[in-house]
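Undergrad: Here it is: the structure, laid out below.
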Amino acid sequence: MAGLLLSMVLTLTTVALTRSATTQMKDAGTKEAMSTTMADMDSKIDALDVNVLDVMSACNETFRIEEAYIQSMNETGSFLDENDKTPKCFIRCVFENVGIVSEDGKQFNPARAAVIFAGERNGKTMDDIGDMTAMCAADRQETCPCERSYQFLRCLMSMEIEKYEKA
């Protein structure tokens, strides 16, 4: 049963984190402008060079996340219980290991996030995902690295839902 639950969680998380892992950013100017945000992080943002499923599985060993949290994030843009730190740290762990956030959790790489989150939502291509990730990465004030990663994802998912689900 635990294996089935983990499989379901990873599948739902995959929907949120890797809608189209092989889709590259179409606007080279946007990619180039955003890639300077984190010069010390992976400069090769054109290809997804990590196995996101492996990362999520490893992070789930340390920070267990329930399926209901992922489902809520995908449907509403937030977790069921926003006081629970463990799922937020799961998000931070995944983001660190796929290159979206620095190890200290302070700097986001919006260009990397755009590559990872590229794809479709509700059958519509998210061709402005780079702009969304840049807006959500800008001026983050949270001091807790787990909270920062969660609020970044919350911002991004809320924008996606507003634009592509409600439009």
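Undergrad: Specify whether the C-alpha gyration tensor of the range 49-167 places it in the rounded, prolate or oblate class, a ≥ b ≥ c being the square roots of the eigenvalues: rounded for a/c under 1.5, otherwise prolate if a/b is larger than b/c and oblate if not.
TA: On the way: a/c = 1.38, a/b = 1.23, b/c = 1.12.
Rounded is the answer for the range 49-167, as its axis ratio a/c remains below 1.5.
Undergrad: Hey, another quick one. How much length, in nm to one decimal, is gained on full extension between Gln71 and Ala58, taken as 0.36 nm per residue of separation minus their Cα-Cα distance? Don't jump to the answer; show the numbers that get you there.
TA: Numbers: separation 13, 0.36 × 13 = 4.68 nm, distance 1.98 nm.
Result for the pair: 2.7 nm of gain on full extension.
Undergrad: Mind checking the full-extension length gain between Glu103 and Ser158? Use 0.36 nm per residue of separation minus the Cα-Cα distance, one decimal, nm.
TA: Working: separation 55, 0.36 × 55 = 19.80 nm, distance 2.48 nm.
Result: 17.3 nm gained on full extension.
Undergrad: How charged is the neighbourhood of Asn60? Take every other residue with its Cβ under 12 Å from the Cβ of Asn60, and add Lys/Arg as +1 and Asp/Glu as -1. Walk me through the numbers before you get to the answer.
TA: Working: positive: Arg64; negative: Asp54, Glu61, Glu66, Glu67.
Overall, the nearby charge balance is -3.
Undergrad: Give me a comma-separated list of calculated 3J(HN,Hα) values for the range 106-122, in order, Karplus coefficients 6.51, -1.76, 1.60 applied at θ = phi - 60°, integers in Hz, x for any Gly or Pro.
TA: Running phi through 6.51 cos²θ - 1.76 cosθ + 1.60 with θ = phi - 60° gives 9, 10, 9, 10, x, 5, 5, 4, 5, 5, 5, 8, 4, x, 10, 9, 6 Hz.
Undergrad: For the range 78-140, rounded, prolate or oblate, judged on the Cα gyration tensor with a ≥ b ≥ c (square roots of eigenvalues), a/c < 1.5 rounded, else prolate if a/b > b/c? Walk me through the numbers before you get to the answer.
TA: On the way: a/c = 1.91, a/b = 1.33, b/c = 1.44.
Cα axes put the range 78-140 in the oblate bin.
Rule-based calculations on the coordinates, nothing more; no lab input. Just so we're clear, the structure is a prediction, and the values are computed from it rather than from any experiment. Glycine also receives a Cβ, built like all others from the backbone with ideal geometry; neighbour counts cover every protein chain displayed.
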